[in-house]
Amino acid sequence: MPFDCLDLPWRTAYPALCEWLDSLSLEALQAYKASPETLAEAVKTWLPEAQQLVALCETNVNQAERYQTDICHESEANYDSHLATGIPGRKWAQITAFNRAISLSHQGSWLEWCAGKGYLGRVLSACRQAKVTSLEWQPALCQDGQAYADQHQLSMHFVNGDAFAPESEALVSRCDHAVALHACGDLHVTLLRHGVVAKPQSLTVSPCCYHLIRDSHYQPLSVLAKQSSLSLSRHDLKLPLQETVTAGQTVRNKRIVEVSFRLGFDSLQRALGHSDSYLPVPNVQKSLLSEGFEAFCHWAADKKGISIPDNTDFAAYLRQGETRFLTVEKMETLRTLFRRALEMWLVLDRAIYMSENGFDVEISTFCARELTPRNLLIKATRKAKWN
Ligand SMILES: C[S@@+](CC[C@H](N)C(=O)[O-])C[C@H]1O[C@@H](n2cnc3c(N)ncnc32)[C@H](O)[C@@H]1O
């Protein structure tokens with residue numbers, strides 16, 4: 001937990017590695033964070049396994065349908081323009097990429113698990129003239145999605161329901177193909193579990209939010225992962241998500257200010273004897289940050305019921321905050337080596353589970369990381385002997 005550490009926690013175990021990290025500027029740290037391969041090369045003297053770890057995260061880019069001549073796959077410009085209505089640009093790009101990764105030859109009925117407004121379902125339905133059932137928890141999203149489908153004569157049917165409810169299993173039994181784009185943690189795992197029982201022809205899942213699980217610790221799915229000694233808390237499971245590859249420089253600069261303020265306030269509250277461990281404060285209106293560090297401290301102290309003495313040297317605490325920000329960045333840089341590796345381990349557990357239960361499985365990336373860092377795709381196709 002980097003915010004809790006006042007210094008690098010590996011000073012004694014890895015003194016030379018820490019010295020090297022200390023020698024890096026913020027710009028250099030950010031550059032290493034953006035390039036795990038370069039980082040692995042740079043730290044190989046101290047962490048020889050880093051390069052292997054990064055290499056194990058390589059995946060195929062999904063090209064399967066790229067050159068298909070169908071109007072929906074040929075180029076994004078050829079999608080019926082109305083299909084993108086109301087869909088934010090980045091989401092639309094993810095959806096068309098996801099659609100491209102699925103064979104057009106898949107015939108039959110589709111289930112869209114945790115559909116939101118059914119953006120993916122509408123593209124699947126339009127491109128394949130297919131029947132799509134979209135399961136979604138929020139009634140308003142179902143209404144919006146159904147209204148759109150009816151207006152455009154798409155064969156979509158929204159089911160307003162809970163993916164965890166026993167009756168949702170029947171939806172998996174009734175479909176030929178199931179998809180889930182960014183259904184969180186236990187939600188997509190539930191789909192895979194139902195898939196193993198119902199054996200549809202295919203399941204295509206892009207997982208996200210691995211930490212959103214009901215148990216306190218990760219419950220491996222595959223026989224293989226169950227044998228592992230790796231025990232992952234919900235906090236551990238957040239690691240793959242704690243990166244901001246899609247943020248621009250302005251967002252990054254604002255983060256530097258906000259995190260330095262938070263850490264500076266934390267140093268102040270520690271000095272006042274309030275708490276020995278990191279004291280989180282709630283989300284802050286970004287406009288407050290432009291009022292300066294002192295104003296931020298008064299706001300945060302008010303939230304936490306702390307009184308700040310009149311003679312407080314705010315400039316000194318801000319300097320401490322800025323130093324601690326750099327320390328956090330050093331820790332975050334090294335954590336970069338483990339983010340994708342942990343995600344890959346979790347995705348492999350899902351893939352192996354499907355493979356152990358009658359499916360051929362492929363893991364690929366369906367779009368660039370800049371579009372979404374959650375770009376891994378698990379495609380499970382029922383093995384021939386089950387057909
Ligand atoms: C991250 S969104 C993804 C939506 C959509 N697949 C997309 O990519 O645009 C997750 C969706 O799952 C829905 N959801 C959450 N819990 C659910 C549950 N228990 N049953 C069904 N849907 C649920 C949410 O309402 C939300 O629309």
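Just for the range 132-152: of the residues that are surrounded by fewer than 16 Cβ atoms within 10 Å (Cβ to Cβ) and outside any helix (DSSP H, G or I), which one is nearest to the ligand (Cβ to nearest atom)?
So the residue we want is 138.
For every residue, the table says whether it meets (1) in a helix (DSSP H, G or I); (2) within 15 Å of the ligand (Cβ to nearest atom); (3) under 19 Å from residue 378 (Cβ atoms); (4) under 18 Å from the mean Cα position of the chain (by Cα).
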{"residue": "154", "(1), (2), (3), (4)": "no, no, no, no"}
{"residue": "163", "(1), (2), (3), (4)": "no, yes, yes, no"}
{"residue": "197", "(1), (2), (3), (4)": "yes, no, yes, no"}
{"residue": "206", "(1), (2), (3), (4)": "no, yes, yes, yes"}
{"residue": "211", "(1), (2), (3), (4)": "no, yes, yes, yes"}
{"residue": "225", "(1), (2), (3), (4)": "yes, no, yes, no"}
{"residue": "230", "(1), (2), (3), (4)": "no, no, no, no"}
{"residue": "266", "(1), (2), (3), (4)": "yes, no, no, no"}
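Residues in the range 1-39 that are hydroxyl-bearing (Ser, Thr, Tyr) and either assigned to a helix (DSSP H, G or I) or within 28 Å of the chain's Cα centre (by Cα) (or both): 25, 32, 35, 38.
Do we have residue 125 as more than 23 Å from residue 80 (Cα to Cα) and either at pLDDT 95 or above or assigned to a helix (DSSP H, G or I) (or both) here?
No: the conditions fail for residue 125.
Scanning the range 310-321 finds one or more residues that are part of a helix (DSSP H, G or I), in contact with a Cys (Cβ under 8 Å, 6 or more places away or on another chain) and crowded, with 21+ Cβ neighbours inside 10 Å. Within the range 241-266, residues that are among the small types (Gly, Ala, Ser) sit with their Cβ atoms under 8 Å from residues that are modelled with pLDDT under 95 and not in a loop (DSSP other than H, G, I, E, B), at 6+ positions apart or across chains, in these pairs: 247/255. Residue 117 meets the stated requirement of being within 13 Å of the ligand (Cβ to nearest atom), basic (Lys, Arg) and touching a Phe, Trp or Tyr at 6+ places or on another chain (Cβ under 8 Å). The residues in the range 100-114 that are at pLDDT 95 or above and either within 14 Å of the ligand (Cβ to nearest atom) or outside any loop (DSSP other than H, G, I, E, B) (or both) can be counted, and the count is 5. Being farther than 20 Å from residue 224 by Cα and modelled with pLDDT under 95 holds for only one residue in 318, 371, and it is 371.
The values are calculated or read from the model by the stated rules, or taken from the named source; none is laboratory data. The shown structure was predicted, so the numbers you read here are calculated from the model rather than taken from an experiment. Cβ: placed from backbone, ideal geometry, glycine included. Neighbour counts: every protein chain shown.
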